[in-house]
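Contents: one structure, followed by commentary.
The values are calculated or read from the model by the stated rules, or taken from the named source; none is laboratory data. The structure presented is a predicted model; accordingly, all values stated were derived computationally and were not measured. Don't worry about glycine lacking a Cβ; one is built from the backbone with ideal geometry, like all the others, and counts go over all protein chains shown. With ligands, DNA and RNA removed, areas are computed over all heavy atoms of the protein, side chains included. Shrake-Rupley method; radii C 1.70, N 1.55, O 1.52, S 1.80 Å.
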Amino acid sequence: MAVSVTILAIIISLHLIAFVFAVGAERRRSTAKVVPDEYDEKTYCQYASDASTVYGLSAFGLLLISQTVLNGVTRCLCFGKGLVTGRSTTCAIFFFILSWINFLGAEACLLAGSAKNAYHTKYRAIFNVEHLSCATLRKGVFAAGAALTLLSLLGSVLYYWSHARADTGGWEKHQNEGLGMTNSSFAPHHHQQQQQQTGEFQKA
């Protein structure tokens with residue numbers, strides 16, 4: 001299997017867009033402040049924006065699509081044709097595991113961050129009686145997801161490249177062996193024909 005520029009472009013583009021969304025989610029994390037209710041003595045948390053949740057879920061979806069495309073093309077390393085034993089296959093297995101670890105870590109950060117960011121605390125305290133703590137997402141969750149997205153991109157590209165080399169290398173090795181066998185079987189036959197022609201010429 002040769003390396004497809006189209007597949008590489010899709011994987012890289014989806015990862016980079018997911019990275020941009022993750023960075024945007026980190027920068028647009030919801031902030032909150034405690035304000036008194038104008039109708040009674042209760043207080044509540046007033047949140048600025050939910051944009052971070054949308055960005056986080058968008059990055060989650062794009063990363064999932066990219067991983068699906070990659071493992072669909074390579075048949076998840078387990079269900080495709082056997083690869084040639086060698087350094088390329090070893091690298092393919094290593095980067096396959098690396099890409100999945102980083103992918104799962106990034107997805108966990110993005111999903112957990114989006115869920116936490118969407119959680120809003122309301123009407124949990126009485127004004128001037130109990131301190132109200134507004135639930136907000138800790139800084140760095142989406143940043144960790146963005147960093148793992150880049151590592152997932154690196155692992156995915158190297159895995160796809162190694163897999164393509166191992167698969168293509170197997171085909172070339174088989175083809176070369178086939179050509180070698182054809183040439184070796186053709187040579188004795190051709191030599192025998194030459195001997196027969198020489199004998200007939202001497203008899204004549």
Note down all Cβ pairs under 9 Å where the first residue falls in the range 1-26 and is free of Cβ contacts under 8 Å to residues at least 24 places away in the same chain, the second is open to solvent by 30 Å² or more (accessible area, probe 1.4 Å) and not in a helix (DSSP H, G or I), and they're at least six residues apart or on different chains. none
Residue match in the range 31-40 (condition: more than 18 Å from Gly140 (Cβ to Cβ), at pLDDT 95 or above and of a type outside the set (S, T, N, Q)): no
From the list Thr43, Thr6, Thr53, Thr31, exactly one residue is touching a Phe, Trp or Tyr at 6+ places or on another chain (Cβ under 6 Å) and of a type in the set (Val, Ile, Thr). Which is it? Thr43
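Select from the range 11-51 the residues that are part of a strand (DSSP E or B) and among the polar types (S, T, N, Q) and write down the one among them that is most open to solvent (accessible area, probe 1.4 Å).
Looking at residues that are part of a strand (DSSP E or B) and among the polar types (S, T, N, Q), I get Gln46.
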Of the residues Leu110, Leu70, Leu57, Leu8, which is hydrophobic (A, V, I, L, M, F, W, C), open to solvent by 60 Å² or more (accessible area, probe 1.4 Å) and at pLDDT 90 or above? Leu57
